[in-house]
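Colleague: After the structure tokens below, expect a handful of questions from me.
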Amino acid sequence: MTATFPAPPPRSADPWAAHPARIERIVDEIPGVRTYEIVPMEPALRGRWRFAAGQFNMLQLPGIGEAAISISSDADEPDVLAHTIRAVGNVTDALARLGPGAELLLRGPFGRPWPDRELAGRDVVIVAGGLGLASQRAAVYRLARTHAACRSATLLLGAKRPEGLLYAAEHESWRRAGIDVVPVVDAAAPGWSGRTGLVTGLLEELPLDPTRATILCCGPDPMIGAVAAVALRRGVAAEAIFVSLERNMGCGFGHCGLCQLGPFFVCHDGPVFRWDRVAPLLAVPGL
Ligand SMILES: Cc1cc2nc3c(=O)[nH]c(=O)nc-3n(C[C@H](O)[C@H](O)[C@H](O)COP(=O)(O)OP(=O)(O)OC[C@H]3O[C@@H](n4cnc5c(N)ncnc54)[C@H](O)[C@@H]3O)c2cc1C
């Protein structure tokens, strides 16, 4: 197959330029995770922050720092930019203390997105681990809108516990749009009647024509490796497996080298990579 990446949409001429933005709404998602709906304040940018599914912004709090965060809203509705964030450190903890109306700075969008036109006619399987789904939600929205173009769409979503399943309130509307949403949890809890186990187990069992399947996977590195191994074992070509990687990032556009992975800068050449390109690098300890 000849899957190529779509060119990322053009971003602002100066990638260092940080634009003021206001938090319009905050949605509590799962414990420790909130979605911040943000609107650029410059009239020229409002509704015009064009991005593609899988890209990220750098969110900046002056005096505190910057963090790379996936854009988790619908790329076809650019009025509001959503970022789904777990508070784990400097910037994300400080963000967690902000409320609606607070201001921050935004740079981006950056990075190579999920493949799009290459999904036409394919059996698309999105495999998400925990917060990984944030980087894929825009792709889910796109599939929900254009699923007729692909042959089928499945979302395998894993979490440690039922209360950790991200965007649960939207799963039913995704199903109505033709996406087969299958959640699985490591450990069941009272009231849980769904699947128990790992997403890799779901992928093992999924009825699949390996010549037609395209896998889009995001989650912790070990989960990504395990998902790719199952897909390959089932006969899916490495060229039809796409993964989104997380690395510490500085500039966001391939300038500073902080996120170097072998010959790649994850911010610029990724974060979405075709598996055959990064598998040899991920196999090198410490790279
Ligand atoms: C392309 C890309 C997209 C990303 N998208 C998102 C997103 O949508 N939502 C989101 O919440 N994060 C996302 N991240 C991760 C986020 O950029 C980092 O977690 C970042 O370090 C947070 O900045 P901070 O200043 O709050 O934490 P830091 O001060 O940088 O980190 C504090 C401590 O937390 C640890 N830590 C960092 N990240 C994690 C983590 N994910 N889980 C557990 N411990 C961690 C660090 O090792 C460090 O010890 C993304 C990263 C990349 C590269």
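The values are calculated or read from the model by the stated rules, or taken from the named source; none is laboratory data. A quick note: this is a predicted structure, and the numbers were derived from the prediction, not measured. Here Cβ is always computed from backbone atoms with ideal geometry, including for glycine, and neighbour counts include all displayed protein chains. Please note that ligands, DNA and RNA were not included when accessible areas were found on the heavy atoms of the full protein model with its side chains. Shrake-Rupley method; radii C 1.70, N 1.55, O 1.52, S 1.80 Å.
Colleague: Springs between alpha-carbon pairs under 10 angstrom, Gaussian network model over the chain: which of 73, 193, 244 fluctuates most?
Modeller: 193
Colleague: Can you give the extra length, in nm with one decimal, that the chain gains between residue 239 and residue 287 once fully stretched, where that is 0.36 nm per residue apart less the Cα-Cα distance?
Modeller: Between residue 239 and residue 287, full extension yields an extra 15.1 nm.
Colleague: Please check: in the Gaussian network model of the chain (C-alpha springs, under 10 Å), which one of 82, 139, 67 has the largest mean-square fluctuation.
Modeller: 67
Colleague: While we're looking at this one, here's another question. Using DSSP, restrict attention to beta bridges with both residues in the chain and report what percent are antiparallel, rounded to the nearest 5.
Modeller: If I count the DSSP bridges inside the chain, around 55 percent turn out antiparallel.
Colleague: How many angstrom separate the Cα center of the range 111-168 from the Cα center of the range 12-47?
Modeller: That distance is 22 Å.
Colleague: Let me cross-check residue 42: its accessible surface, 1.4 Å probe, with only protein heavy atoms counted, in Å² to the nearest 10?
Modeller: Around 70 Å² of this residue is reachable by solvent.
Colleague: Using a Gaussian network for the chain with springs between C-alpha atoms less than 10 Å apart, which of these wobbles most: 58, 41, 223?
Modeller: Of the options given, 41 has the highest mean-square fluctuation.
Colleague: What's the FRET efficiency of residue 255 with residue 229 using the Cβ-Cβ distance as r and R₀ = 35 Å, to the nearest 0.05?
Modeller: My answer for the efficiency is 0.55.
Colleague: Note down the nm distance, to one decimal, between modelled labels 7 Å out along Cα→Cβ at residue 117 and at residue 88.
Modeller: 3.5
Colleague: To continue, here is another question. Express in nm, to one decimal, how much length is gained between residue 76 and residue 247 on full extension, taking 0.36 nm for each residue of separation and deducting their alpha carbon distance.
Modeller: 58.8 nm
Colleague: Do any cysteines of the chain lack a neighbour Cys whose Cβ is under 4.7 Å away, and which are they?
Modeller: For the chain, the answer is 150, 217, 218, 259, 267, because their Cβ atoms have no other cysteine Cβ under 4.7 Å.
Colleague: Excluding ligands, DNA and RNA, what is the solvent-accessible area per residue of the chain at a probe of 1.4 Å, expressed in Å²?
Modeller: 44
Colleague: Give me the accessible area of residue 22, 1.4 Å probe, in Å² rounded to the nearest 10.
Modeller: For residue 22, solvent-accessible area is about 90 Å².
Colleague: Considering only protein heavy atoms and a probe of 1.4 Å, how much of the accessible area of the range 69-117 is carbon and sulfur, as a whole percent?
Modeller: Solvent-exposed carbon and sulfur of the range 69-117 make up 43 percent of the total.
Colleague: Now a separate question. Starting from the 7 Å offset along Cα-to-Cβ, what nm value, one decimal, do you get for the label separation of residue 196 and residue 44?
Modeller: 5.8
Colleague: Then there is this: Any chance you could look up the accessible area of residue 141 with a 1.4 Å probe, heavy atoms only, rounded to 10 Å²?
Modeller: Only protein atoms counted, so the area is about 50 Å².
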